[in-house]
Amino acid sequence: MKPESEPVNFFQTTILGLQHVLAMYAGGVLVPLLIGAALHFTPQQMTYLISVDIFMTGIGTLLQLKTTRLTGVAMPVVLGSAIQSVTPLINIGGTLGVGAMYGATIVAGIFVFLIAGLFARLKDYFPPVVTGALITVIGLSLIPVAVAKIGGDSAVTASNFGNLTALSIAGVTILTIMILNIWARGFIKSIALLLGIIVGTGYAACLGQVSIDAVLTASWFHLPRPFFMGMPTFHLASSITMMIIALTSMIESTGVYFAVAELTGTDLTEKRLANGYRSEGLAVILSGIFNTFPYSTFSQNVGVVQLSGVRSKKPIYAAAGLLILIGMLPKFGALATIIPAPALGGAMLILFGNIGVQGMMIMHTVDFTQERNLMIAAVTIGAGLGVAIYPQIFQHLPILVKIVVQNAVVVTAVLAVSLNALLPGRSDTKAQPH
């Protein structure tokens, strides 16, 4: 067991918790920003969405920290909105309505809770060729969303798409993030994404491209209300889609659990894994009830644990408390809504590209001299990215089927797991933690 360093007082614990909040904040608010914008939510709805999403992130994190008979991985992990849920939820909300998004999310959370024990026993059946291909497609399939934001978030056929003002804002954001990642050290480097967005927004404000009306009109305090955005509705196709997305989140979280266990010297048993999955399932159920979005364990915060050298859960309790507090102050949530689309797009380009590269790094450990591995990677990545670019390939299928198969992450997950199980020559070697 590795020695565990401890903050010595309340102030240190709070500062370390704030590090975790800042490290995940930019990635955490991206999901509500993207989905809310795509579904044309009002500024008031967006403020609520972001505030409650932050609040429920704190609640979900708390569920992971304390072990009970059924829940809690009991390691220093932080939950945040799952980026892979963006495209399917936009498709579901745009096709079947907002209520269908939340109904499918609740079903997915129940599904995760029920299969947690079984999934913990199957962890060895997700080798690097499967997880690497999946994470690669999760990142790269979202690149067009980032580029659309960089262009100004208007229709790509519009005359003002890609105007020089928008491109300059995105360029300043990207350059800031790159400089901080390459030359900054320690804590500043760990929040480079957030600082890049702040600098890009400041530059846009100098150009008159930022309005603070949403902040001025937001209330100072509120509590989350169940079904604020609408009552859930339940549809088979949307539920299946979100259950598959939930499985991809579980696969990704498994890698995070292994990484944190290695850092903290924790014995990651099947029971502990199952408890972690169940906590995520509960968080997803709550996200559907309170009209936010599915959660998974954030990999960004593994870096904060490594950076700080603090293996204790105390800073994570502080982070959860801060997230809950910020989530009850809508003016903080409204701050995220003033970020101009090009600044958001520049940060997203780096974030999504980084996710894609992480997937490639995982596949670096794969033996591609074996034809089965080459075929799994080629077919799954090719099909996933193909569907991301041209989802119209399935336009002649029934609408309920389209909702499932027009999602790149779903196609990649189903193909990768199926081909790995069916193609001959599968190694009995256990999957390595990523």
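Counting pairs of alpha carbon atoms under 8 Å apart in space and at least six apart in sequence, what relative contact order in percent does the range 161-224 give? Intermediate results must be reported in sequence, preceding the final value.
Details: 32 pairs, mean separation 20.0, N = 64.
Relative contact order, the range 161-224: 31 percent.
Sort 325-336, 94-105 by packing, meaning the average of other beta carbons within 10 Å per residue, with the highest value first. Display every interim value, and only then the final one.
Working: 325-336: 20.8, 94-105: 22.8.
My ranking of the peptides, most packed first, is 94-105, 325-336.
What order do LEU142, LEU374, LEU114 take when sorted by accessible area (1.4 Å probe), most exposed first?
Values: LEU142 5, LEU374 70, LEU114 135 Å².
Sorted by accessible area, descending: LEU114, LEU374, LEU142.
Report Rg(Cα)/(2.2 N^0.38 Å) for the range 265-404, keeping two decimals. Before the final figure, lay out the partial values.
Values: Rg = 20.1 Å, N = 140, 2.2 N^0.38 = 14.4 Å.
Relative to the rule-of-thumb radius for its length, the range 265-404 sits at 1.40.
Would you mind giving the three semi-axes, in whole Å and largest first, of the ellipsoid equivalent to the range 135-231 according to its Cα gyration tensor? It would help to have the intermediate numbers written out before the result.
On the way: eigenvalues 132, 91, 71 Å².
So the equivalent ellipsoid measures 26, 21, 19 Å along its semi-axes.
As an exercise, identify the chymotrypsin sites (Phe, Trp or Tyr not before Pro) in the range 137-227 lying in DSSP coil whose Cβ has no more than 14 other Cβ atoms within 10 Å.
Within the range 137-227, the qualifying chymotrypsin sites (Phe, Trp or Tyr not before Pro) (loop, at most 14 other Cβ atoms within 10 Å) are TRP220, PHE221, PHE227.
What does the highest-first list of 193-202, 230-239 look like by mean Cβ count within 10 Å?
Working: 193-202: 21.3, 230-239: 17.4.
By packing density, highest mean first, the sequence is 193-202, 230-239.
Highest mean first, how do 415-425, 53-63, 170-180 rank when packing is the count of other Cβ atoms within 10 Å averaged over residues?
On the way: 415-425: 15.5, 53-63: 25.2, 170-180: 20.5.
Listed from highest to lowest mean packing, they are 53-63, 170-180, 415-425.
Let me know the Rg and Dmax you get for the range 168-281 when you use only its Cα atoms, in Å.
21.0, 54
Could you tell me, in Å, what Rg and Dmax come out for the Cα atoms of the range 342-395?
Considering the range 342-395 through its Cα atoms, Rg and Dmax are 14.5, 43 Å.
Dividing the alpha-carbon Rg of the range 47-178 by 2.2 N^0.38 Å yields what?
Values: Rg = 19.2 Å, N = 132, 2.2 N^0.38 = 14.1 Å.
Here the Cα radius of gyration is 1.36 times the empirical estimate.
With unit charges on the beta carbon (Lys/Arg positive, Asp/Glu negative), name the residue among LEU34, SER239, ALA377 whose Cα is farthest towards the positive pole of the charge dipole of the chain.
Working it through, the farthest residue towards the positive pole turns out to be SER239.
If you place +1 on the Cβ of every Lys and Arg and -1 on the Cβ of every Asp and Glu, how big does the dipole about the Cα centre of the chain come out, in debye to the nearest 20?
Working: 20 positive and 14 negative charges, 110 e Å.
Taking the Cα centre of the chain as origin, the dipole is about 520 debye.
Among the listed pairs LYS66/LYS149; LYS189/LYS271; LYS189/LYS313; LYS271/LYS313, give every one whose C-alpha distance is greater than 28 Å.
Values: LYS66/LYS149 39 Å; LYS189/LYS271 35 Å; LYS189/LYS313 22 Å; LYS271/LYS313 19 Å.
In this structure, LYS66/LYS149; LYS189/LYS271 exceed 28 Å between Cα atoms.
Taking 1 over the mean of 1/r across every pair of different Cα atoms in the range 74-126, what Kirkwood radius in Å do you get? Please list the in-between numbers first.
Numbers: mean 1/r = 0.0757 Å⁻¹.
Taking every pair of different Cα atoms in the range 74-126, averaging 1/r and inverting gives 13.2 Å.
Could you give the spread of the C-alpha atoms of the chain along their three principal axes, from largest to smallest, in whole angstroms?
Here the Cα extents, ordered largest to smallest, are 61, 60, 46 Å.
The values are calculated or read from the model by the stated rules, or taken from the named source; none is laboratory data. All values reported here derive from a predicted model rather than from experimental measurement. Neighbour counts are summed over all protein chains in view; Cβ atoms, including those assigned to glycine, are modelled from backbone coordinates with ideal geometry. Each accessible area value is taken on the protein alone, full model and side chains, heavy atoms only, with ligands, DNA and RNA left out. Shrake-Rupley method; radii C 1.70, N 1.55, O 1.52, S 1.80 Å.
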